[in-house]
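Structure, as structure tokens:
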Amino acid sequence: MRYKSLKTRLILIFLLVGIIPVFATVIYNYFAAFNSFEEVQYSQQNEMEHSVTKYFEQTASDLQYLAEVYAKDPEVQQLLLEEDRTSIKSGGEALFNKLSAQHKLAIFEIGDEKGAVHVRGHNPSAYGDDKSEIVAIQGALQGNTYSGFEYGTSGLAVRAFAPIEWNGRTIGTLQMGVRNEFVTSVQSIFANAKLHMVDANGVILEASEEAPI
């Protein structure tokens, strides 16, 4: 009996000696794999955030370049110098329609040297309102270019501002803008990305899916 008892104990000891390392190895491998998976997820998320940010920055940069190019266009300059309201209206509307078809523009405004709207291509009948208090307009009248994001009643928009120069002096400003279509395009470019734009109070203003808004 004592022999059997001793044999049982030895078997038990050998089993424990064998099982404990295996058990410890399994636990270690599990947590190592879990941590590795978390690290991969974190890395992928960071990469996705970086890519989306770069896409937003590129959208604003491309629009700013477009505004700079068209601010030098004789057709735009002539619209600002034109005084006949009928010619201004038809010319501004035609130019906006062309740019809208080519570049998906939703906003096209030419302002005079006092900051008043001279041409509003996306709404030709509305003009003359004073925008001189807008910082980007003030900066453009000083010869600078700007682009950035704005959230208003019509949703998120990207806008760009550039000075219009004539004979070596700034005579007005050109403003271009695209609406929030670029937000939905994020979803098609980055298939796994879910975009939420949140204000300071935690309210979702814009999203790649409508439900959370």
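Points worth noting:
- Among the listed pairs Lys54/Lys114; Lys54/Lys131; Lys54/Lys104, those whose Cα-Cα separation exceeds 26 Å are Lys54/Lys114; Lys54/Lys131.
- Using a Förster distance of 22 Å, the FRET efficiency for Arg85-Trp166 (Cβ separation, nearest 0.05): 0.65
- Summed side-chain charge close to Ala136 - residues other than Ala136 whose Cβ falls under 15 Å, Lys, Arg +1, Asp, Glu -1: -3
Values in this text are rule-based calculations from the coordinates and carry no lab data. Given the structure is predicted, the values throughout are model-derived calculations rather than measurements. Heads up, the Cβs are rebuilt from the backbone with ideal geometry, glycines too, and the neighbour counts pull from every protein chain shown.
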